[in-house]
Ligand code: NAD
């Protein structure tokens, strides 16, 4: 099938070329993000392949449908950027890659926790400048600490299993209880307020839905244990960033690790080092010594990119051959979390 692949970088092209070795699909790569100005580039493409920050609201889907697109292949797990109801009405099928390497994100989350706790980011800079002072680098043992996992799906489960290995007590919160989580020694499900008030470290692994939008807000932050560490490798809009900045200033939140940011679409995946960043909220975050922000890279491992390209192409083949695609997203799937 002829596929317009948006928001591509060199690494996407490499992995997609490798997975398309039989040249079963005609892949045309665009650097551009899909939005209202670039949708015209997909004229004549029955399939459009997109990533996390491409825009697929009703307006853009209508343009795509009018141009002949009938398949949207997401090369990611989250689908919060797609208006599924509009796609269904327009006869556009939407497929995704529900699991590519939950280990990649879970392991990265632990990297953020260890870095923040033991101040490795600060130590790295100090030593390069010949400063071997330990002042300000004091951390705590993870062993014996309580860790809250919001969303115990594929990534949250692996994260909980690894943290249990450190000797942490795990608290989980999810709409659906997983027996795998309950089988982890010292792990139990609690309601969200208890998770917030009891955890030394809170890690977000639930999808972005109307219910989880700004799940971490002024009120829920107040429920958190003073000095707790908050980690978000899921989706930026789970957090009200302005409320969080106030809590960092008052030191109610002890440290923060973000791999995602609500307004990341204008920033992430691009080299803006010669530009003046206009987002003052984002820039304020970067001024805190106890905050680490990375640019949506938790998924970025060889295993994940290989799996993403293989599954995306097989999803497209499936639809092309009129088979039932197990990775098709139905409107009901979205509703289940609303
Ligand atoms: P998953 O679907 O396996 O698990 C999500 C879990 O969240 C499910 O158990 C679900 O029941 C739960 N959930 C849904 N709504 C909830 C709510 N209101 N409150 C509490 N729990 C709720 O998904 P996953 O593969 O574990 O991925 C989790 C999220 O990680 C994705 O939605 C995506 O946004 C994000 N992600 C980020 C990266 C990255 O590179 N930073 C990569 C992949 C995925």
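Centre-to-centre, using Cα atoms only, the range 237-309 and the range 30-82 are separated by 25 Å. Angle, helix 10-19 long axis vs. longest principal axis of the chain, Cα atoms, 0 to 90°, nearest 10? With rounding to tens, the tilt is 60 degrees. Taking 0.36 nm per residue of separation and subtracting the Cα-Cα distance, full extension of the segment from residue 9 to residue 28 would add 5.6 nm. One chain, two ends: residue 211 and residue 303. Fully extended at 0.36 nm per residue, the span grows by 30.0 nm beyond their Cα-Cα distance.
Highest mobility in the GNM of the chain, judged by mean-square fluctuation with C-alpha springs under 10 Å and restricted to 143, 252, 296, is found for 143. Peptides 165-173, 216-224 ranked from most to least packed by the mean count of surrounding Cβ atoms within 10 Å: 165-173, 216-224. Per residue, the chain reaches -10000 deg cm²/dmol at 222 nm when only DSSP H runs of four or more residues are counted, each adding -39500 (n - 2.57).
Springs join every pair of Cα atoms under 10 Å in this Gaussian network model of the chain, and among 131, 315, 274 the largest mean-square fluctuation is at 274. Within the listed set 182, 303, 283, the Gaussian network model of the chain (springs between alpha-carbon atoms below 10 Å) gives the highest mean-square fluctuation for 283. Each residue, residue 271 and residue 186, gets one label point 7 Å from its Cα in the Cβ direction; the gap between the two is 4.5 nm.
Short-range pairs are left out: with C-alpha atoms under 8 Å and at least six residues apart, the relative contact order of the chain is 17 percent.
Listing 309, 314, 234, 7 from fewest to most neighbouring C-beta atoms within 10 Å gives 314, 7, 309, 234.
Modelled spin-label separation between residue 324 and residue 197, with each label point placed 7 Å from Cα along the Cα-to-Cβ direction: 4.7 nm. In the chain, the longest principal axis of the Cα atoms and the axis of helix 102-118 are about 30 degrees apart. Seen against the Cα atoms of the chain and their longest principal axis, helix 154-165 is set at about 30 degrees. Sorted ascending by nearby beta carbons within 10 Å, beginning with the fewest, 205, 121 become 121, 205. Each of 300, 16, 6, 132 was scored by other Cβ atoms within 10 Å of its Cβ. Listed from fewest to most, they are 132, 300, 16, 6.
If the chain linking residue 288 and residue 88 were pulled fully straight, counting 0.36 nm for each residue of separation and taking away their Cα-Cα distance, it would gain 67.6 nm.
Bridge orientation summary for the chain: considering DSSP beta bridges with both residues in this region, about 0 percent are antiparallel.
Every number here is computed from the coordinates shown, using simple stated rules; none is lab data. Computed from a predicted model, the values in this text were never measured in an experiment. Neighbour counts are summed over all protein chains in view; Cβ atoms, including those assigned to glycine, are modelled from backbone coordinates with ideal geometry.
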